[in-house]
Amino acid sequence: MIRLAHSVATPVVALVLAVMLAAAPLAAFAQDGGPLCQGLSVADCRRLENAFIATQRLASVTVPAWSAELYLSAEGESVFFEARGSAALSLPPELTTLRDAFLAVETVTPRTVVLFLNEIDSATVQTILSETLLAFVVDDAELETPDGLAAGSAAVLLKDATLYLNLPSPTGETTWFGQPLELTPDDLAEIDMALAELRAGLPSPEVRRAFDVLGGLLLLQQGVAAVAQSHLTTTRLSDEVINARPMAVYATSLDVRSLLADPALAPALLALIQEAAAQDPTLEPVEINQAQLRLLLLVLNLMLSEGALTISYRVGLDDRYLYRLQAEGALELDPSIFATNEDDPTDPISLRFSFSLDLADFDAVDPALIETPEQFYPGEALDSFLVGTPSQVEQVLVVGEALDGELPADGGTHIYALPLEAGQAVTVSVESDRSLLLSAYDANAFLIDSLWSFARLPLSFVADSPGVYFITVEGPAAARYRITIAAG
């Protein structure tokens, strides 16, 4: 059971349908004789394919744990991100039927899309919104950049046609917001009209030409993928036992260096680039030729000191579901080999990432066990809520004192804490040679008032309860400023 443990209005129908229909696309990697089968026996190939297909056909599933990490370093600066959490998904029969019918189509044409849309009306959309369950929880996340460190948590929950959002604030607490996705009779009529117009427009010559163009691009993308496939290898590793269930373990590896050195990559890649550019009238014609592209790939390969991608899978030997998917990759470029003077870059460019996803409760999710928040603010209150974490607070302000600050070159927001007693009146002012936005937030991180510094007026308010209030200074570019906190 996933517990969201913390005590927006017509929806965009096309987006909801697109997200739900793409909820389980893993089987796209496992076609007969597809890239994941390279290096496997027939039996192992079939087991892995069946695991992806079974996962794709699920009506509900939980993710007891997921995690992601990313590290990027370039020009002496680095960015690090990590997050972990859980999730759950449960789709109504109306949606799984549409999904399975759409995925069963081998070639998508305007006619097949029309047939698909014939099965959808406003009542279908309303049912999907009412009966779809989606929960995504970020238990903790951390982002470290040259500008500082930010950490926090969040959650999104769609249940009973209501979208809930849980966000952190500098108070150290999180706050729930909720917005019912209500479809009025006018909304339903508008959806039916939009679907009718879409059906009527699909058979037009312009749409058919667009489908032909997309089909051509898809074939070229498959050509690039076919080149990459020869550099993919999947290996059956030693079996494991996870939660008393025996698992077959597979690992797929991509040799990036050998891919870049493959003479077939340049023509396949160039054909795709040229075709994509030809379909966009705003782009200039591609002037690079095949020999130049091969040289560019060769130079990239020479700079590549490390390049690897590995994806591993755990498949249940008794039920053949995919229970765990893990991916990790590393890419490091060394520009120093082409440095000719002291101004040329020599620091390595490094990218490393990892991702892990556990799956459970296959077709056995009970939406009743996914709790909704007992109390929440309406969705429109989000506009006045200060999202942040305690680590983003610059320092504590003191009544009767002034403080100097400076925004970085690309601007941003500085957050300050201001402890106050109930009934305490304060006046806040900011002086700067730039136009800055000064704002005050209450002890629950909701906006009290704000003003621009060019007005040269103070911001005054009275604390309605004891606690830590927040003052923010926001600007689009570098700026020096002085905040003054006065009593009364």
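The values are calculated or read from the model by the stated rules, or taken from the named source; none is laboratory data. None of these values were measured; they are calculated from a predicted model. We place every Cβ from the backbone using ideal geometry, glycine too, and count neighbours over all the protein chains shown.
Region 324-426 holds no strands (runs of 3 or more DSSP E) entirely within its bounds that carry 3 or more residues that are modelled with pLDDT of 90 or more and of a type in the set (F, W, Y).
Can we say P373 is out of contact with any strand residue (DSSP E or B) (no Cβ under 6 Å at 6 or more places or on another chain) and at negative phi?
Values: out of contact with any strand residue (DSSP E or B) (no Cβ under 6 Å at 6 or more places or on another chain): no; at negative phi: yes.
Taking the combined requirement at face value, the residue does not satisfy it.
Could you list all residues from region 348-383 that are of a type in the set (G, A, S), within 24 Å of the chain's Cα centre (by Cα) and either surrounded by fewer than 16 Cβ atoms within 10 Å (Cβ to Cβ) or not assigned by TED's automatic domain parsing to the domain that holds A150 (or both)?
Start the filter on region 348-383 by keeping residues that are of a type in the set (G, A, S), which leaves 350, 354, 356, 360, 364, 368, 379, 381.
Now drop any that are not within 24 Å of the chain's Cα centre (by Cα), which leaves 350, 354, 356, 360, 379, 381.
Of everything in region 348-383, those that are of a type in the set (G, A, S), within 24 Å of the chain's Cα centre (by Cα) and either surrounded by fewer than 16 Cβ atoms within 10 Å (Cβ to Cβ) or not assigned by TED's automatic domain parsing to the domain that holds A150 (or both) turn out to be G379, A381.
Filtering G223, G201 for residues that are exposed (fewer than 14 other Cβ atoms within 10 Å of the Cβ) and either modelled with pLDDT of 80 or more or more than 20 Å from R294 (Cβ to Cβ) (or both) leaves a single hit, G201.
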